[in-house]
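Undergrad: One structure follows; several queries about it will come next.
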Amino acid sequence: MTAPPQEPVPITSGDDVVRVRQAVRTAAAAAGLSLVDQTKIVTAASELARNTLVYGGGGHARVERVTDARGRAGVRIAFGDDGPGIPDIDLALTEGWTSGSGLGLGLTGARRLTDEFHLDTEVGGGTTVTVTKWAR
Amino acid sequence: MSGAVGTRISEILEDREAVLGRWVELVTEGVRGRITEREVRTELGELYGLVQRELADGDESAAGELRAALQEISRSRARQGFSPSETAVSVFALKQAVHERIGAAGEETAYAQFIAFSGYVDELGLMTFETYSATREQVIADQAEQLLELATPVVKLWDGILGVPLVGTLDSARTQVVMETLLQMLVDTGSQFAVIDITGVPAVDTEVAQHLLKTVMAARLMGTECVISGIRPQIAQTIVTLGIEFGDIVTKASLADALAYALAASGVRLVEGAGA
Ligand SMILES: Nc1ncnc2c1ncn2[C@@H]1O[C@H](COP(=O)(O)OP(=O)(O)OP(=O)(O)O)[C@@H](O)[C@H]1O
Ligand SMILES: [Mg+2]
């Protein structure tokens, strides 16, 4: 069961990252997430949106409210880009590893900040990262 | 342009007292007290003289001066908050002032020449419009800049202790402003401590953390110790989960704690008032 999906938010500039954050904050509050969990999912979204922008060369985020089989509410965000993809997933998911000038904490951090984390990537075929956070 | 307008119009304009007087009257009604009649008379008197010179003698320098004067008026009106059409209408009112004089004389030639004159005044009015838009854009850009600076003030909390209350999103542009303002204040005041308060920052992700770390390092190079305060519980948990380490940077829950720490470290002792 899923609330009607929202329009995807394009990610082509730093302002768009802020917009994604705001959309996630609104959806998380509406799903009844605690303040701590709201902050966690917003921060994870901020990381993934910036990766989409910086490494994926831009893309979009789809923010949706979801409900699981037991009726628990949550927020799911899918980030997609048609960028170069990630050649070595294990390396990218190594804490502190960055191919750029970051801290190398975004992907691992986002995985720990959320309840579900899926990374789909193919060299030359773009990257999709989907995260979900459930209300407690 | 001037040659086409014709001598009858120039003759009518000769009666400066009557035509200018009427123009001033029409414009003063329109501005409804936001600028005084005297100011209107000075502004329009200058324009009037220049219009006369351009039309009568085809005076090139008068044409240039007229454009400059129009831009000046347009700019000052924009800053006084007049709408662009109000400013243009002030110029267009010259047509009515002249037209009424022709009406009084009632002659064919003058009417024919009035059409050319009317086109000429329209051009002048439109010129104020363009200047107006350019000025408003500048005003808006200035305000955005000011907001950016307003949102990142650096204040003196105590002798030798600066406070930097951050509010809102800390992106690269903001960080740059914060850093520059802070470093300049450090130079100006020779402060030993700076308290960066992030109570107003909604989320601290790796980018914000990196910006904070950079600012702290830059201040350190100038011999100043930074204390980060205002880390709310949900932000603290998120920072830890994310894996960000602030290393040996001192962090405090509240601005008050941070100030107490900086005061103690600089050897200031706070004592309870004897009268209390
Ligand atoms: N959408 C993407 N497309 C291609 N490569 C990506 C994408 N997302 C992440 N990567 C790769 O994974 C690496 C690790 O990402 P992660 O977000 O963990 O760290 P970072 O972005 O380099 O630094 P930080 O997020 O701490 O500022 C990146 O340096 C980049 O090489
Ligand atoms: Mg990242």
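Undergrad: Run the numbers for B:D159 and B:T199: contour at 0.36 nm per residue of separation, minus the present Cα-Cα distance, in nm.
TA: Gain on extension, B:D159 to B:T199, equals 12.1 nm.
Undergrad: Amide H to amide H under 5 Å from A:L105: which residues, 5+ apart in sequence or cross-chain, H placed 1.01 Å off N in plane?
TA: A:G96
Undergrad: Can you give me the angle between helix A:14-30 and the longest principal axis of chain A, using Cα atoms only, in degrees from 0 to 90, rounded to the nearest 10?
TA: 30 degrees
Undergrad: What percent do you get for the relative contact order of segment A:1-121 when only Cα pairs under 8 Å and 6+ apart count?
TA: Taking the mean separation of contacting Cα pairs over the length of segment A:1-121, I get 28 percent.
Undergrad: Tell me, what HN-Hα J-couplings in whole Hz come from the Karplus equation 6.51 cos²θ - 1.76 cosθ + 1.60 at θ = phi - 60° for each residue of segment A:122-127, using x for Gly and Pro?
TA: 8, 4, x, x, x, 9
Undergrad: So what are the ³J(HN,Hα) numbers for segment B:162-167, from phi and the Karplus equation (6.51, -1.76, 1.60; θ = phi - 60°), rounded to whole Hz, Gly and Pro as x?
TA: The phi angles translate into 9, x, 10, x, 9, 10 Hz.
Undergrad: Shifting gears a bit: Order A:D37, B:D59 by their accessible area, 1.4 angstrom probe, all chains in place, largest first.
TA: Reading off the accessible areas and sorting them downward yields B:D59, A:D37.
Undergrad: Could I ask something else about it? May I ask you to list the lysines whose Cα is less than 29 Å away from that of A:K40, ignoring any residue fewer than eight positions away on the same chain?
TA: Reachable lysines: A:K133, B:K214, B:K252.
Undergrad: Another question, then. Using Cα-Cα distances under 8 Å and only pairs 6 or more residues apart, what relative contact order does segment B:162-272 have, in percent?
TA: Taking the mean separation of contacting Cα pairs over the length of segment B:162-272, I get 28 percent.
Undergrad: If you take the beta carbon distance between A:V18 and B:D59 as r and set R0 to 60 Å, what does 1/(1 + (r/R0)^6) give as a FRET efficiency, to the nearest 0.05?
TA: The formula returns an efficiency of 0.60 here.
Undergrad: Grab the Cα-Cα distance for B:K214 and B:S76, subtract it from 0.36 nm times how many residues apart they are, and report the gain in nm with one decimal.
TA: Fully extending the segment from B:K214 to B:S76 adds 45.4 nm.
Undergrad: Give, rounded to the nearest 20 debye, the magnitude of the charge dipole that segment B:2-145 has about its Cα centre when Lys and Arg contribute +1 at Cβ and Asp and Glu contribute -1 at Cβ.
TA: 420 debye
Undergrad: Once you place label points 7 Å from the Cα toward the Cβ at B:A173 and B:M222, how far apart are they in nm?
TA: Rounded to a tenth, the inter-label distance reads 2.3 nm.
Undergrad: Further, regarding this structure: What distance in nm lies between label points placed 7 Å from Cα along the C-beta direction at A:R70 and B:A116?
TA: According to this spin-label approximation, the distance is 9.0 nm.
Undergrad: Starting from the Cα gyration tensor of chain B, take the square roots of the eigenvalues, sort them a ≥ b ≥ c, and report rounded, prolate or oblate (rounded when a/c is under 1.5, otherwise prolate if a/b is larger than b/c, else oblate).
TA: Cα axes put chain B in the prolate bin.
Undergrad: Per DSSP H run of at least 4 residues, take -39500 (n - 2.57); add these up for chain B, divide by its residues and hand me the 222 nm value, nearest 500 deg cm²/dmol.
TA: The per-residue figure over chain B is -23000 deg cm²/dmol.
Undergrad: Something else now. Along segment A:45-57, what does the Karplus equation 6.51 cos²θ - 1.76 cosθ + 1.60 (θ = phi - 60°) give for ³J(HN,Hα), rounded to whole Hz, x for Gly and Pro?
TA: Each residue's phi maps through the Karplus curve to give 4, 4, 4, 5, 5, 5, 4, 4, 6, 6, 9, x, x Hz.
Undergrad: Using the heavy atoms of the protein chains alone and a 1.4 angstrom probe, what is the accessible area of segment A:9-134 per residue in square angstrom?
TA: I get 44 Å² per residue for this part.
Undergrad: Still on this model: Heavy-atom accessible area of B:D57 with all protein chains present, probe 1.4 Å, nearest 10 Å²?
TA: Around 110 Å² of this residue is reachable by solvent.
Undergrad: Now, a different point. Quick query: amide H of B:T199 versus all other amide H atoms, modeled in the peptide plane; which residues come in under 5 Å with a sequence gap of 5 or more or a different chain?
TA: B:L166
Undergrad: Please give the calculated 222 nm ellipticity per residue for chain A, where each DSSP H segment of at least 4 residues contributes -39500 (n - 2.57) and the sum is spread over every residue; nearest 500 deg cm²/dmol?
TA: Theoretical 222 nm ellipticity from helices: -11000 deg cm²/dmol.
Undergrad: First compute the accessible area of segment B:155-265 with a 1.4 Å probe, then give the percent of it belonging to carbon and sulfur atoms.
TA: 59 percent
Undergrad: Accessible surface of A:W97 in the full protein assembly, 1.4 angstrom probe, to the nearest 10 Å²?
TA: 100 Å²
Undergrad: Once A and B are treated as a pair rather than alone, how much accessible area drops out, both sides summed, in Å² to 100, probe 1.4 Å?
TA: 1600 Å²
Undergrad: A further question on this structure: Got a sec? Charge dipole of chain B, +1 on Cβ for Lys and Arg, -1 for Asp and Glu; which of B:G168, B:L255, B:A18 is way out at the positive end?
TA: Sorting the options by dipole projection puts first B:L255.
Undergrad: Excluding ligands and nucleic acids, what accessible area in Å² is computed for B:R22 using a 1.4 Å probe, to the nearest 10?
TA: The accessible area comes out at roughly 60 Å².
The values are calculated or read from the model by the stated rules, or taken from the named source; none is laboratory data. Here the structure is a predicted model, which is why all the values come from computation and not from measurement. FYI the Cβ positions are ideal-geometry reconstructions off the backbone, even for glycines, and counts take in every protein chain you see. Heavy atoms of the whole protein, side chains included, go into the accessibility calculation; ligands, DNA and RNA do not. Shrake-Rupley method; radii C 1.70, N 1.55, O 1.52, S 1.80 Å.
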